[in-house]
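The values are calculated or read from the model by the stated rules, or taken from the named source; none is laboratory data. All figures in this text were calculated on a predicted structure; none of them were measured in a lab. Here the Cβ positions follow ideal geometry from the backbone for every residue, glycine too, while neighbour counts run over all protein chains shown. Accessible surface areas use protein heavy atoms only, side chains included; no ligands, DNA or RNA. Shrake-Rupley method; radii C 1.70, N 1.55, O 1.52, S 1.80 Å.
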Amino acid sequence: LTNLFAGSGHGSAHHKFKHPLKKSKNIALMIRDNRDAGRKMFDGFDQYVFYADLVSQTKSETYEAFKDFRRILADYPDTILLLNHRDREGWIRSRLKHGHGTFAQMVMSANGFETEEQCTAFWRKDWDQHLADVRAFMASRPGQLVEFNSDTETVDDLIARLPQYDLKAAAW
């Protein structure tokens with residue numbers, strides 16, 4: 001998705017801002033810092049059109065900035081929220097493999113899970129809850145919620161839902 005927006009000429013921010021001579025900055029942590037300081041969520045980097053992978057995970061904590069969607073929409077009321085999803089079990093398998101398993105190990109450590117089964121049960125519940133929360137909150141803003149299931153839909157389906165961005169399928 002980041003490539004789709006960036007390749008179509010839109011500023012896109014994905015997970016970290018990389019600096020060749022400085023330490024990269026995790027976007028989720030920058031969002032959290034802004035929130036905690038009472039600033040707008042994307043203050044200092046709100047020139048982007050698309051933001052993705054807004055997660056910070058360590059052995060001691062998890063922060064998923066996308067779960068602060070209510071605050072993001074309060075700060076930026078005209079925002080289009082793209083609810084990107086796929087098969088839940090496939091997503092869980094992907095998370096288990098991410099970083100050769102280190103991501104799952106950090107989640108387990110941060111949450112005090114002793115087994116992979118505890119972690120995957122947590123992810124299932126969290127997945128279901130997040131989708132339900134977004135859909136319920138956005139029910140009164142139907143024009144601002146765009147859902148995209150990357151398993152069952154094509155990039156052309158997504159492009160058709162977002163004509164105002166003039167997205168280019170070749171960038172997908």
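Overview of results
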| quantity | calculated |
| --- | --- |
| Cross-chain or 6+ apart pairs with Cβ under 8 Å, the stretch 144-155 first and touching a residue at least 40 places away in the same chain (Cβ under 8 Å) and over 21 Å from THR79 (Cβ atoms), then open to solvent by 50 Å² or more (accessible area, probe 1.4 Å) and of a type outside the set (Gly, Ala, Ser) | ASP151/ARG86; ASP151/ASP87; VAL155/TRP172 |
| Pair list, Cβ under 6 Å, 6 or more apart: the stretch 99-121 residue closer than 17 Å to GLU89 by Cα and hydroxyl-bearing (Ser, Thr, Tyr), other residue assigned to a helix (DSSP H, G or I) and open to solvent by less than 30 Å² (accessible area, probe 1.4 Å) | THR120/ILE92 |
| Complete set of residues in the stretch 54-105 that are closer than 23 Å to GLN164 by Cβ and either among the acidic types (Asp, Glu) or in a loop (DSSP other than H, G, I, E, B) (or both) | LEU54, ASP75, TYR76, PRO77, ASP78, THR79, ILE80 |
| Top-ranked residue in the stretch 50-90 [being buried (at least 16 other Cβ atoms within 10 Å of the Cβ) and aromatic (Phe, Trp, Tyr); ranked as farthest from GLY7 (Cα to Cα)] | TYR63 |
| Whichever residue in the stretch 2-18 is touching a helix residue (DSSP H, G or I) at 6+ places or on another chain (Cβ under 7 Å) and among the polar types (S, T, N, Q) and, among such residues, is farthest from ALA52 (Cα to Cα) | SER8 |
| Residue selected from the stretch 1-20 under the condition open to solvent by less than 70 Å² (accessible area, probe 1.4 Å) and of a type in the set (S, T, N, Q), by the criterion nearest to ALA160 (Cα to Cα) | SER8 |
| Residue among ILE31, ILE27 that alone is surrounded by 18 or more Cβ atoms within 10 Å (Cβ to Cβ), more than 19 Å from ASP78 (Cα to Cα) and aliphatic (A, V, I, L, M) | ILE27 |
| Residue match in the stretch 140-151 (condition: over 28 Å from ALA104 (Cβ atoms) and open to solvent by 70 Å² or more (accessible area, probe 1.4 Å)) | yes |
| Unique residue being aromatic (Phe, Trp, Tyr), open to solvent by less than 60 Å² (accessible area, probe 1.4 Å) and under 28 Å from SER60 (Cβ atoms) when the list is PHE122, PHE113 | PHE113 |
| Considering residues of the stretch 34-56 that are over 17 Å from the mean Cα position of the chain (by Cα) and among the acidic types (Asp, Glu) only, the residue farthest from LEU83 (Cα to Cα) | ASP36 |
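Per-residue answers, yes or no, for (1) outside any helix (DSSP H, G or I); (2) in contact (Cβ under 8 Å) with a residue 24 or more places away in the chain; (3) open to solvent by less than 30 Å² (accessible area, probe 1.4 Å):
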site: LYS22; (1), (2), (3): yes, no, no
site: ARG35; (1), (2), (3): no, yes, no
site: PHE45; (1), (2), (3): yes, yes, yes
site: TYR48; (1), (2), (3): yes, yes, no
